[in-house]
Amino acid sequence: MTSGLLDVRRLLRYAVAGSASALTHLGVTALLVEVAAIRPVIASTIGFVASIVVSYVLQRRWVFHSQVSNRLAVPRFLTVTAIGFLLNASILWVGTEMLDVHYAPVQLVALVAIPVSNYLLNSLWTFR
């Protein structure tokens with residue numbers, strides 16, 4: 001194990017936190033659609049917001065063990081989240097619109113690029 005960006009334990013915790021965040025998004029969405037009969041777009045939006053909260057708490061406390069104040073870390077985290085969203089849209093646009101590639105492999109590229117960029121930005125800026 002090494003310290004810093006290549007800390008294997010931290011990378012594994014980051015993967016677990018990301019999985020918990022994704023499961024929160026999907027679980028809340030399914031619960032709201034199937035049980036509460038809320039329309040899917042609204043349910044997914046609520047699920048997405050819930051996943052951001054789960055991701056933030058796990059990353060701040062468990063992945064990065066950050067002492068940065070919430071007042072400073074929350075806006076940074078939301079900025080990194082927005083960058084990830086824009087990166088996803090950009091990768092999808094370039095791949096599907098400019099290069100005329102089927103969306104599935106392009107989305108796979110985004111699903112690798114976004115966690116890598118988010119990890120780097122959160123390590124070096126958000127929780128530092």
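The values are calculated or read from the model by the stated rules, or taken from the named source; none is laboratory data. Everything numeric in this text was worked out from a predicted model, so none of it was measured. Because the Cβ atoms are built from the backbone with ideal geometry, glycine has one as well, and the counts that use them run over all protein chains shown.
Summary table below
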| item | result |
| --- | --- |
| Residue identified as under 26 Å from Asp7 (Cα atoms), at pLDDT 95 or above, among the β-branched types (Val, Ile, Thr) and assigned to a helix (DSSP H, G or I) among Val109, Val94, Val54 | Val54 |
| Answer residue from the stretch 18-39, given it is closer than 13 Å to Leu58 by Cβ and among the aliphatic types (A, V, I, L, M) and is nearest to the chain's Cα centre (by Cα) among those | Ala22 |
| Failed criterion for Val35 (all others in (1) loosely packed, with under 12 Cβ neighbours inside 10 Å; (2) closer than 27 Å to Val106 by Cβ hold) | (2) |
| Residue in the stretch 70-79 that is assigned to a helix (DSSP H, G or I), under 16 Å from Thr24 (Cβ atoms), in contact with a helix residue (DSSP H, G or I) (Cβ under 6 Å, 6 or more places away or on another chain) and of a type outside the set (Asp, Glu) present | yes |
